[in-house]
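Q: Sharing a structure, written as structure tokens. Questions coming.
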Amino acid sequence: MNQNELKQAVARAARDYVAEHLPPGAILGVGTGSTANCFIDEIAALRERIGGCVASSEATRQRLESHGLRVLELNDIVADGLAMPIYVDGADEINAGLAMIKGGGGALTREKIVAAVAGCFVCVCDQSKRVDTLGSFSLPVEVIPMAREHVRHELIRLTGGEPRLRTGFVTDNGNEILDVHGLAIHDPLALESRLEQITGVVCNGLFARRGADVLLLAGSQGVQTHIRQTA
Ligand code: 5RP
């Protein structure tokens, strides 16, 4: 199978996971990217069963709506005390502990917010995303535009990596992204916390504190399910 076929296979597996585990009428969080897009196309068939979706980007909102899936505001859900039992999203890299680098599509901040509210984070990936050490994929950091150069200096000082501006790209929140190249991240949780403390950083693409709970990983042998081991 080529990479596109693997994405479609894992999207079908995620649809089945949702059909089995999401209570009828409940709210589903939906991620961003090409794998998430395959998933959205699959869950169109579950439209009557899903109470509504929370989108992690404007692109995802549009795709959900184009399939007739109802998109809800996260603030309304939280204010009304409603649960969002499952969030399904892709990743750029994922390690054995199910910590991830995300944000290749630039939606990291909203993805992290939706993931924070969700009961269970289901990550959908093809096998090329599974790594032993995070960092071969550049780490996205969303920054307030006026803080870009300050953040760049701090990122170099703290990580030793090379931050590069994602040129011509503006996030859904009106901010810029610095992609940090040349990292080998041995302690994702510690680095995520350190980066959060830089003034001017909106969000970094390490998802370690709130990693995935379930990984659906598509490979040549089919789609395997990995559950995060808790201490
Ligand atoms: C977007 C993301 C995506 O989940 C990540 O980039 C993976 O995308 P794809 O499924 O296209 O490989 O974090 O911000």
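Q: Toward the positive end of the charge dipole of the chain, about the Cα centre and with charges on Cβ (Lys, Arg +1; Asp, Glu -1), which of PRO188, ALA115, SER56 goes farthest?
A: PRO188
Q: Hey, what's region 29-182 come to in accessible area per residue, 1.4 Å probe, Å²?
A: Value for region 29-182: 41 Å² per residue.
Q: Ignoring any ligand, DNA or RNA, what whole percent of the accessible area of the chain comes from carbon and sulfur when the probe is 1.4 angstrom?
A: In the chain, the share of accessible area belonging to carbon and sulfur is 48 percent.
Q: Decide, for region 139-203, between rounded, prolate and oblate: order the square roots of the alpha carbon gyration tensor eigenvalues as a ≥ b ≥ c, take rounded if a/c falls under 1.5, and otherwise choose prolate if a/b is larger than b/c, else oblate.
A: prolate
Q: So, one more: Between GLN221 and ARG130, 0.36 nm times their residue separation minus their Cα-Cα distance comes to what?
A: 31.3 nm
Q: For the chain, what proportion of DSSP beta bridges, expressed in % and rounded to the nearest 5, is antiparallel?
A: 55
Q: Tell me whether region 1-75 comes out rounded, prolate or oblate; compute the Cα gyration tensor, take square roots of the eigenvalues as a ≥ b ≥ c, and use a/c under 1.5 as the rounded threshold.
A: It comes out oblate by the Cα gyration axes.
Q: Before anything else, pin down the relative contact order of region 74-231: Cα pairs under 8 Å, at least 6 apart, normalised by residue count, whole percent.
A: Over region 74-231, the number comes to 29 percent.
Q: Also: Amide H of LEU134 versus every other amide H placed in the peptide plane: which residues, excluding those fewer than 5 positions away on the same chain, fall under 5 Å?
A: Here the answer is ILE185, since their amide H atoms fall under 5 Å of that of LEU134.
Q: Step through the residues of region 127-138 one at a time and calculate ³J(HN,Hα) from phi using the Karplus curve (6.51 cos²θ - 1.76 cosθ + 1.60, θ = phi - 60°), rounding each to whole Hz and writing x for Gly and Pro.
A: Computed from phi, the couplings for region 127-138 are 4, 5, 8, 7, 10, 7, 10, 5, x, 5, 7, 4 Hz.
Q: Treating only the Cβ atoms of Lys and Arg (+1) and Asp and Glu (-1) as charged, compute the dipole magnitude of region 139-203 about its Cα centre; round to the nearest 20 debye.
A: 180
Q: Let me ask something additional. If I take R0 = 22 Å and measure r between the Cβ atoms of PHE169 and ARG210 in this structure, what FRET efficiency does the formula 1/(1 + (r/R0)^6) give, to the nearest 0.05?
A: 0.35
Q: Would you please classify the overall shape of the chain from the alpha carbon gyration tensor, given that a ≥ b ≥ c denote the square roots of the eigenvalues, rounded means a/c under 1.5, and beyond that prolate means a/b larger than b/c while oblate covers the rest?
A: Verdict is prolate for the chain.
Q: Moving on. For the pair HIS21 and VAL78, how long in nm is the line joining their label points, each one 7 Å along Cα→Cβ?
A: 2.2
Q: Also, quick follow-up: Go ahead and set up a Gaussian network model of the chain, Cα springs under 10 Å, then flag whichever of MET100, MET84, MET146 fluctuates most.
A: MET146
The values are calculated or read from the model by the stated rules, or taken from the named source; none is laboratory data. The shown structure was predicted, so the numbers you read here are calculated from the model rather than taken from an experiment. All Cβ positions, glycine included, derive from the backbone under ideal geometry; neighbour counts span all protein chains shown. Side chains are part of the model used for accessible areas, which takes the heavy atoms of the whole protein and leaves out ligands, DNA and RNA. Shrake-Rupley method; radii C 1.70, N 1.55, O 1.52, S 1.80 Å.
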